[in-house]
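Each remark here refers to the structure printed beneath this line.
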Amino acid sequence: MANSDKKIILTGDRPTGRLHLGHYVGSLKRRVELQNSGKFDEINILIADDQALTDNWDNPDKIRDNMIQVALDYLSVGIDPEKTNICVQSHIPALHALTFYYMNLVTTARLSRNPTVKAEMGMRGFDNEGLPVGFFTYPVSQAADITAFKATTVPAGEDQEPMIEQTRELVRKFNSTYNCDVLVEPEILLPSVEAQLRLPGIDGKEKMSKSLGNCIYLSEDPADLKDKIMKRTYTDPTHLKIEDPGHLEGNMVFTYLDAFCHDDLFAEYLPDYQNLDEMKEHYTKGGLGDVKCKKFLIKVLEEELAPIRARRAEWEKRIPDVYDILKAGTDHAVEETNQTLAEVRSAMRIDYFKDGSIKDEWDKIING
Ligand code: TRP
């Protein structure tokens with residue numbers, strides 16, 4: 001069957017914790033813009049609970065607890081269930097079947113070279129001996145996620161690039177092996193602003209990540225936000241007195257301002273400067289203190305987070321509706337992905353129970 005020219009988005013998150021600012025700038029904010037752009041025929045967001053189990057198999061309750069949290073995060077940033085289909089990976093059987101077929105088309109050597117898998121193995125202390133097969137093969141399952149929806153576009157952070165590359169390879173391999181054009185090669189859509197590609201944590205050390213304890217959460221309350229910025233956000237340790245020249249590199253206050261600040265906010269909250277460049281210039285020359293910068297940053301972040309928090313509070317009063325959204329979204333995804341699975345099985349000649357398939361062939365062979 002020929003693929004149509006539909007533009008389809010599929011993206012997803014592991015429900016291992018509440019979503020944070022790194023998710024927001026790296027992906028969520030963009031998803032809302034894409035959703036509202038009207039340029040896509042279909043938008044799907046997958047809550048990847050099966051993938052989350054690949055390194056949390058011994059703690060399924062953690063995944064269970066975060067399912068609704070993540071859904072609330074989506075709804076509170078402005079994902080609209082009328083426009084975007086939110087669905088739950090574990091309850092979409094076609095994804096499992098596709099993963100199993102795709103496993104034949106990828107080698108262990110190729111999976112071992114996937115830089116994201118390598119980095120994550122290191123972080124989780126999985127050496128070659130102790131490497132669970134499920135975790136090792138999750139890029140294959142992610143390829144199933146993407147291709148099952150025939151996604152053309154995957155909005156994601158740059159850490160997902162190796163996954164998309166691997167998916168593209170699998171698509172080519174599948175289509176050439178089975179001489180078909182059933183599967184669609186997806187493209188990654190990276191954040192357009194450099195400062196948003198990979199948001200570091202408040203400690204300035206690595207990317208913002210729950211396991212590193214350096215996050216600002218979307219659902220952070222104002223007092224905690226203030227505390228994290230004022231007391232825990234890394235700036236410039238050589239900037240001891242206000243008059244000292246300050247440094248911008250590795251300074252999280254300016255990293256976050258790069259990602260979130262826009263000129264209008266200066267007039268409102270820091271009229272000494274017209275824009276971020278002016279503020280940076282003063283900081284590097286000396287004479288601008290960290291406390292003032294941090295207070296401005298809190299205003300900038302609050303500007304973004306306050307509406308998210310308000311929407312979350314509304315949705316929290318409607319948990320049964322959130323549940324219904326996930327259920328309906330998953331039912332819809334089951335139908336859609338079963339269609340792809342049927343095409344895949346047909347291309348692979350394993351569509352035995354389809355009308356006119358093996359029964360009629362054998363009937364003809366034996367009974368003429
Ligand atoms: N690997 C992604 C992450 O860790 C989650 C994910 C699962 C995903 N399936 C996906 C992302 C499909 C994009 C497309 O955040």
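The values are calculated or read from the model by the stated rules, or taken from the named source; none is laboratory data. Here the structure is a predicted model, which means the values were calculated and not measured. Neighbour counts are summed over all protein chains in view; Cβ atoms, including those assigned to glycine, are modelled from backbone coordinates with ideal geometry. Ligands, DNA and RNA are excluded from the accessible area calculation, which covers all protein heavy atoms including side chains. Shrake-Rupley method; radii C 1.70, N 1.55, O 1.52, S 1.80 Å.
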Can you find a residue in the stretch 192-207 that is open to solvent by 70 Å² or more (accessible area, probe 1.4 Å), of a type in the set (Ser, Thr, Tyr) and in contact with a His (Cβ under 7 Å, 6 or more places away or on another chain)? no
Mind listing just one residue for me: the one in the stretch 124-140 that is in a helix (DSSP H, G or I) and of a type outside the set (Gly, Ala, Ser) and, of those, farthest from residue 212 (Cα to Cα)? 140
Among the residues of the stretch 73-88, is there at least one that is more than 19 Å from the chain's Cα centre (by Cα) and surrounded by fewer than 18 Cβ atoms within 10 Å (Cβ to Cβ)? yes
Is it fair to say residue 149 is of a type in the set (A, V, I, L, M, F, W, C) and under 17 Å from residue 8 (Cβ atoms)? yes
Helices (runs of 4 or more DSSP H) within the stretch 203-273 that include 1 or more residues of a type in the set (Asp, Glu) and in contact with a Leu (Cβ under 8 Å, 6 or more places away or on another chain): 252-260
Exactly one condition in (1) over 25 Å from the mean Cα position of the chain (by Cα); (2) surrounded by fewer than 18 Cβ atoms within 10 Å (Cβ to Cβ) is not met by residue 288; state its number. (2)
Helices (runs of 4 or more DSSP H) contained in the stretch 283-368 and holding at least 1 residues within 28 Å of residue 82 (Cβ to Cβ): 290-316, 319-347
Among residues of the stretch 235-271 being over 23 Å from residue 306 (Cα atoms) and in contact with a Lys or Arg (Cβ under 9 Å, 6 or more places away or on another chain), the residue surrounded by the most Cβ atoms within 10 Å (Cβ to Cβ) is 246
Residue satisfying condition, being surrounded by fewer than 21 Cβ atoms within 10 Å (Cβ to Cβ), free of Cβ contacts under 8 Å to residues at least 60 places away in the same chain and touching a helix residue (DSSP H, G or I) at 6+ places or on another chain (Cβ under 9 Å), within set 56, 66, 36: 56
Of the criteria (1) open to solvent by less than 50 Å² (accessible area, probe 1.4 Å); (2) among the hydroxyl-bearing types (Ser, Thr, Tyr); (3) at pLDDT 95 or above, which one residue 116 fails: (3)
If a residue has to be away from the ligand (no atom under 13 Å from the Cβ) and either assigned to a helix (DSSP H, G or I) or closer than 13 Å to residue 86 by Cβ (or both) to count, how many in the stretch 43-62 make the cut? 3
Exception for residue 180 within (1) surrounded by 15 or more Cβ atoms within 10 Å (Cβ to Cβ); (2) under 19 Å from residue 14 (Cα atoms); (3) at pLDDT 95 or above; (4) not β-branched (Val, Ile, Thr) falls at (2)
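Conditions (1) among the acidic types (Asp, Glu); (2) surrounded by fewer than 14 Cβ atoms within 10 Å (Cβ to Cβ); (3) more than 10 Å from the ligand (Cβ to nearest atom); (4) assigned to a helix (DSSP H, G or I), marked per residue:
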position: 122; (1), (2), (3), (4): no, yes, yes, yes
position: 142; (1), (2), (3), (4): no, no, no, yes
position: 151; (1), (2), (3), (4): no, no, no, no
position: 161; (1), (2), (3), (4): yes, no, yes, yes
position: 165; (1), (2), (3), (4): yes, no, yes, yes
position: 171; (1), (2), (3), (4): no, no, yes, yes
When the stretch 1-42 is examined, which residues are found to be among the acidic types (Asp, Glu) and in a loop (DSSP other than H, G, I, E, B)? 5, 41
